[in-house]
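First the structure, then my questions, so here it is.
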Amino acid sequence: MRINIFEGILIPFVGTTLGAACVFFMRKTLGKLLQRALAGFAAGIMVAASIWSLLIPAIKQSENMGTLSFVPAVAGFWIGILFLLALDHLIPHLHVGSDQAEGPKSKLGRTTMMVLAVTLHNIPEGMAVGVMYAGFLAENAQITIAESSRFSRPGYTVSGWKCSYDDKEYKPGTQYVVPGADNIDFTAVWAPAQYNINISANNGNSADKVTVKAYYNDEFVLPECDFTYDGKVFAGWKYNGVIYQPGESFTVPALLSGEKIVIVATWK
C-alpha cells in the first residue's frame, strides 16, 4: 500500500520536473506575448483541475447534506484563499517581471526570492496531493454500494454484495469504507424474488379478490374458493390458460418487469 502511495505522489513530482525542464530548451528570452499566453495556459489548467478534480468531487462527497452539499467545499475554498494570502504576506518572494519584492523585508538574493515565489504557489498543490493520499492511508475513502435495481436476473433480486476483502455481505445503497487493499471485488448475492399473487373471484365484483405473497420457484397451493357467484358453481382456478382445482399447486414462475400473477375463479 505504501508503494502505491509513493508512486501516486511521484506522478505530480515527475510532472513538475518535466515542466520545469522546459527551461533548458528555451535558450532565448521569451516574448511578452508568448509569456502571457503560457501564463494563461497554466492558469486554465489550474482552474480546470480545481473545478473538476477538487471542487466537484468535494460537493459530491457531501451529497448526504442535500441542498447544503456545497457548504464544506465553499468553506474549504475560502480557507484556502486566506491561507495562500497569509503565506503571500509572510514569505519574502519576487514574481517574474517584478523589480520589487513582496512580503517582509529580507536580504535574500533575487534568485532565492523567485524560487520562494514558485514554492509559495506549489504549497497548496502539494497539500492537495498529501491530503488525498493521507485519506487513502487512513482508509477513510467511502463508496456507495450499488443499488439492486441496476442489475437483473429472472426470478431473483440482489439481496446484498459479498466483499472479497472481509468476506462480509453489504446491503445495496449502504456506505462502504475502502481499505488499503489493491483490489476489492463485490459479488452479487442473489435471492429468490418475492411476488404478489392476485386471486380474483371473477364474479363481476372487483372488490372480491385476495393478494398473497410467494417466492420464485415456490410451489403455490391453490386454496378453497370462498367466493360466490349467484346462479353459478365454482369450477376451478385458472392461471395462464390452465385450470387448477383447490389443493393442486403450480410452480411460481419468474416474472419480467411489469408482469403479474393473476389467478381467476372459473364458473359454470
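For the range 40-65, give me each residue that is of a type in the set (S, T, N, Q), within 21 Å of residue 175 (Cα to Cα) and surrounded by 10 or more Cβ atoms within 10 Å (Cβ to Cβ).
Matches in the range 40-65: 61, 62.
Is the range 181-198 home to any residue that is within 30 Å of residue 43 (Cα to Cα) and modelled with pLDDT under 70?
No.
Could you grab me the full set of residues in the range 185-222 that are within 47 Å of the chain's Cα centre (by Cα), touching a residue at least 12 places away in the same chain (Cβ under 8 Å) and part of a loop (DSSP other than H, G, I, E, B)?
Matches in the range 185-222: 185, 193, 208, 216, 217, 218, 222.
Just one of the numbered conditions (1) closer than 23 Å to residue 175 by Cα; (2) touching a residue at least 12 places away in the same chain (Cβ under 8 Å) is not true of residue 76; which one?
(1)
Quick check on residue 54: is it in contact (Cβ under 8 Å) with a residue 40 or more places away in the chain and within 23 Å of residue 123 (Cα to Cα)?
For residue 54, the condition - in contact (Cβ under 8 Å) with a residue 40 or more places away in the chain and within 23 Å of residue 123 (Cα to Cα) - is met.
Here is a list: 171, 162. Which entry is surrounded by 11 or more Cβ atoms within 10 Å (Cβ to Cβ), basic (Lys, Arg) and at pLDDT below 90?
Criteria check complete, one pass: 171.
Kindly provide the set of residues from the range 57-93 that are within 19 Å of the chain's Cα centre (by Cα), closer than 22 Å to residue 123 by Cβ and among the aliphatic types (A, V, I, L, M), ordered by number.
58, 73
Within the range 231-251, does at least one residue satisfy the condition of being of a type in the set (Ser, Thr, Tyr) and touching a residue at least 60 places away in the same chain (Cβ under 8 Å)?
no
Going through the range 174-184 one residue at a time, which ones are exposed (fewer than 13 other Cβ atoms within 10 Å of the Cβ) and part of a strand (DSSP E or B)?
175, 177
Applying the selection to the range 212-233, what residues are surrounded by fewer than 13 Cβ atoms within 10 Å (Cβ to Cβ), among the hydrophobic types (A, V, I, L, M, F, W, C) and under 15 Å from residue 250 (Cβ atoms)?
221 - this is the single residue of the range 212-233 that is surrounded by fewer than 13 Cβ atoms within 10 Å (Cβ to Cβ), among the hydrophobic types (A, V, I, L, M, F, W, C) and under 15 Å from residue 250 (Cβ atoms).
Something else: If you scan the range 148-159, which residues turn out to be at pLDDT 70 or above and either surrounded by fewer than 16 Cβ atoms within 10 Å (Cβ to Cβ) or assigned to a loop (DSSP other than H, G, I, E, B) (or both)?
Correct list: 151, 152, 153, 154, 155, 159.
The values are calculated or read from the model by the stated rules, or taken from the named source; none is laboratory data. Since the model is a prediction, treat every value here as computed from it, not as a measurement. For neighbour counting, all protein chains shown are included, and Cβ atoms are generated from backbone atoms with ideal geometry for every residue, glycine included.
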